[in-house]
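Working notes, structure below.
The values are calculated or read from the model by the stated rules, or taken from the named source; none is laboratory data. These numbers come from a predicted model, not from an experiment. Cβ: placed from backbone, ideal geometry, glycine included. Neighbour counts: every protein chain shown.
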Amino acid sequence: MKHLSKLAGLFLLAFLVSCGGKEEKKEKDGFQYDRTKKTESSTSSDSNDIVLVSDDLMKFNKAEIKVKAGKKVKLTLKHIGKLDKKIMGHNFVLLAEGVDLVDFATEAATARDNEYIPENSSDVIAHTKLIGGGETDVIEFDAPAPGVYEFICSFPGHYGLMQGKFIVE
Ligand code: CO
């Protein structure tokens, strides 16, 4: 009898171990899934010629833009979706150093008559116009001083997904 319960104990142990193993695999799969969801993270260019693509899924194709200091930046914003700018409008807004992203986006959301750019704001280094599906806007501006800046789409509710780092080096 004593021997039998020992066997049952071993069996239970083996069962627990196999369950634990299953859980571990699940976690690993989840991690791999997240990695494939990551957007293109970095773009480096000598010519400071940047193409930023947005879509109907409220996303930019870049989370990081790198440019060289002391040169002009030419930035092309494309919207490859189909939705109207009133529903899925996108812009590129480059924020000055030290500007709080959430504070700015909250203020910008109230500036509907000015395409969600607060008027006379010193918080903005450069911005495109607001575009909808199938549209493109091109802007040129002087690269700011070397440093790390933030860019967003200031359409209400978009900055959570549509933001990234603008690195001047
Ligand atoms: Co947007």
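For the condition within 13 Å of the ligand (Cβ to nearest atom) and crowded, with 17+ Cβ neighbours inside 10 Å, what is the one hit in K129, K85?
After ruling out the rest, the residue left standing is K85.
Find the residue count for the range 86-101, including only residues that are part of a loop (DSSP other than H, G, I, E, B) and over 17 Å from I65 (Cα atoms).
4
Out of the residues in the range 133-163 that are within 16 Å of the ligand (Cβ to nearest atom) and of a type in the set (S, T, Y), which is farthest from the chain's Cα centre (by Cα)?
T136
Taking the range 102-126 as the search range and keeping residues that are assigned to a helix (DSSP H, G or I) and touching a Phe, Trp or Tyr at 6+ places or on another chain (Cβ under 8 Å), which one is farthest from the ligand (Cβ to nearest atom)?
Result: V102.
Can you confirm whether the range 34-47 contains a residue that is surrounded by 14 or more Cβ atoms within 10 Å (Cβ to Cβ), at pLDDT below 95 and either closer than 25 Å to G147 by Cβ or not basic (K, R) (or both)?
Looking through the range 34-47, at least one residue is surrounded by 14 or more Cβ atoms within 10 Å (Cβ to Cβ), at pLDDT below 95 and either closer than 25 Å to G147 by Cβ or not basic (K, R) (or both).
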